[in-house]
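First up is the structure itself, then whatever we jot down about it.
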Amino acid sequence: MLQLQADDKAIQAEMQQLRHDTATKDQEFQTEIGQLQTEMATKDQMYQAEIQQLHAKDQEMEAEIQQIQNEMAAKDQMHQADIQQLQTEMGAKDQRIQDLEQRDYIERCESGVFETPDDVFTSGDGDRHLDLTAKFSRAFRTTPVVTVGLTSLDHFPGHTRAKATVVSVSTTSLTVRIGTWASSQLYAAYVHWMACA
């Protein structure tokens, strides 16, 4: 009988110890669970913060890409405008070159002076003239345009009558007719000529 009581006490003591151990372990588990939950919450906050940072960087990158695209589009428009302006200027210059190539141009001019012999028109009445010819220093490409003008007259007092006209022109020479008429008397006449082609 005493043995049974001793065994019963021993069993109760063991059960009490088991309850105590179980309670201790349960508390430890609860503590570990709480610690794990805290760590998980902390890590979740960190992950959320990193995700927000990544979103923010993604938005920044998208904004930068959009800005670059806008700048490229603006530069492309400027380049297109510059190209269009250059093409317009080149077209105008090409047209100018064509106009210059097609127009008649003056390559060179040559000039000189005709002088009549002394007293050539001091006698006689009526129409009197003298043809004078000049040869060019070298032939013109085409028949030149000739202009003449009286530069000096030495005449007898009274009516002054004189004229100078181009009689003929070629690529190598020209002939000018100098004359007077009626009763005019000329001692000498000087005629300036110019040929251009």
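Here are the numbers for the structure shown:
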item	result
Qualifying residue in region 93-100 (condition: surrounded by fewer than 10 Cβ atoms within 10 Å (Cβ to Cβ), without any contact (Cβ under 8 Å) to a residue 60 or more places away in the chain, among the charged types (D, E, K, R) and within 30 Å of LYS163 (Cβ to Cβ))	no
Every residue from region 108-117 that is part of a loop (DSSP other than H, G, I, E, B) and in contact with a strand residue (DSSP E or B) (Cβ under 6 Å, 6 or more places away or on another chain)	THR116
Index of the failed condition, GLN3 passing every other in (1) part of a loop (DSSP other than H, G, I, E, B); (2) loosely packed, with under 10 Cβ neighbours inside 10 Å; (3) not basic (Lys, Arg)	(1)
Wholly within region 153-197, strands (runs of 3 or more DSSP E) carrying at least 3 residues that are modelled with pLDDT under 95, of a type in the set (Val, Ile, Thr) and in contact with a Lys or Arg (Cβ under 8 Å, 6 or more places away or on another chain)	none
SER137 modelled with pLDDT of 95 or more and in a loop (DSSP other than H, G, I, E, B)	yes
Enumeration of residues in region 103-126 that are in contact with a Ser or Thr (Cβ under 8 Å, 6 or more places away or on another chain) and farther than 16 Å from GLY149 by Cα	PHE121, ASP125
Single residue of region 133-153 satisfying the filter (among the aliphatic types (A, V, I, L, M) and more than 21 Å from ALA182 (Cα to Cα)) that is nearest to the chain's Cα centre (by Cα)	VAL145
Looking only at region 111-125, and only at residues there that are among the small types (Gly, Ala, Ser) and within 60 Å of the chain's Cα centre (by Cα), the one that is surrounded by the most Cβ atoms within 10 Å (Cβ to Cβ)	GLY112
From the options ARG108, ARG128, residue that is of a type in the set (Lys, Arg) and more than 54 Å from the chain's Cα centre (by Cα)	ARG128
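The values are calculated or read from the model by the stated rules, or taken from the named source; none is laboratory data. These numbers were taken from a predicted model, which means no experiment stands behind them. Every residue, glycine among them, receives a Cβ derived from its backbone with ideal geometry; neighbour counts consider all protein chains shown.
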